[in-house]
Amino acid sequence: MKTALITGATSGIGKATARKLAQDFNLILCGRRAEKLEEIRAELAEITKVTTLKFDVRKKEEVFEVIDSLPANFRQIDVLVNNAGNAHGMASFQDADIEDLEAMIDGNVKGIIYVTKAVLPLMNASENAQIVNISSISGKDIYPTGTTYCASKWAVEALSKGMRMDLLSLGIKVINIAPGAVETEFSMVRFKGDADKSNSIYAGYQPLKPEDIAESIYFAIMQPENVQIADLTVMPKSQAGVSQILRKS
């Protein structure tokens with residue numbers, strides 16, 4: 001059975017993707033919260049072989065050290081899902097906390113670079129290796145108060161396109177998935193635990209569920225070997241663009 005490594009696997013899109021892929025893949029589940037990793041490991045170990053790695057994608061040395069510690073039976077990776085990412089705050093650029101801006105660049109951009117560089121040597125033996133980068137519709141358009149978050153996701157779009165070119169000779173597919181509004185812990189993190197502000201993001205319409213994006217990831221990676229889904233944008237029916245959502249009054 002092939003093996004998939006998923007970052008940010010303890011919640012949201014990552015957790016839903018782990019559950020979806022468990023039917024066809026052995027899993028390497030990665031995250032920062034040990035107790036949450038153990039919960040999802042115990043659940044999915046009844047379906048497939050699972051191991052977990054605890055690390056923060058923003059910490060370069062930690063990423064390489066922990067991934068290099070994988071046991072022999074998990075050292076061939078066929079699918080990498082770069083899902084871990086974050087958003088912090090909704091302040092205008094001039095008012096934003098510099099630490100919040102750095103966290104988004106470190107997690108959304110550097111994190112993908114670190115994890116992919118660490119995993120690539122373990123993909124060489126795969127006959128159909130694939131990398132899935134989770135971008136956002138915010139990587140295709142800009143909105144006020146989202147300047148640095150949008151910049152980080154535009155960087156993900158560029159990384160996906162560039163990786164696709166650079167890794168072509170290695171036979172590695174690179175798939176870019178750009179979700180629209182998805183209801184996860186994402187907004188609670190963005191608003192620093194303010195439930196009222198978090199809930200207001202999803203008021204008046206039906207956002208996507210993490211399982212919807214997991215289905216899209218599964219669809220993309222299960223294509224025939226000669227087929228590559230290069231770029232897939234997925235939005236709820238009520239959304240037409242990054243800042244265009246039809247809400248019921």
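Structure values in brief
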| item | result |
| --- | --- |
| Charge dipole (debye, nearest 20) of region 1-131; +1 at Cβ of Lys and Arg, -1 at Cβ of Asp and Glu | 440 |
| Residue exposure sequence - Y202, Y149 - by fewest surrounding Cβ within 10 Å | Y202, Y149 |
| Separation in nanometres of the label points that stand 7 Å from Cα toward Cβ, at R247 and Q23 | 3.6 |
| Estimated 222 nm signal from helices in the chain, with DSSP H stretches of n ≥ 4 weighted -39500 (n - 2.57), rounded to 500 | -10500 deg cm²/dmol |
| Sites Y143 and Q206, calculated FRET efficiency, Cβ-Cβ separation with R0 25 Å, nearest 0.05 | 0.75 |
| Ascending count of other beta-carbon atoms within 10 Å, so fewest first, for E127, E157 | E127, E157 |
| Evaluated at q = 0.13, 0.17 Å⁻¹: base-10 log I(q)/I(0), Debye formula over Cα of the chain | -0.78, -1.36 |
| Whole-number percent relative contact order across the chain, with pairs defined as alpha carbons under 8 Å at least 6 apart | 19 |
| Inverse of mean 1/r across different Cα pairs in region 17-157, Kirkwood, Å | 16.2 |
| Quotient of C-alpha Rg and 2.2 N^0.38 Å, computed over region 93-179 | 1.21 |
| Stokes-Einstein D in µm²/s, Kirkwood radius over Cα pairs - region 3-67 at 37 °C with 0.692 mPa s viscosity | 285 |
| Per-residue ³J(HN,Hα) for region 61-66, Karplus 6.51 cos²θ - 1.76 cosθ + 1.60, θ = phi - 60°, Hz, x for Gly and Pro | 4, 5, 4, 5, 5, 6 |
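FYI, it's all coordinate maths here, none of it is from the lab. What you are looking at is a predicted structure, and each value in this text was computed from that prediction instead of being measured. Here the Cβ is made from the backbone with ideal geometry for all residues, glycine too, and neighbour counts use every protein chain on show.
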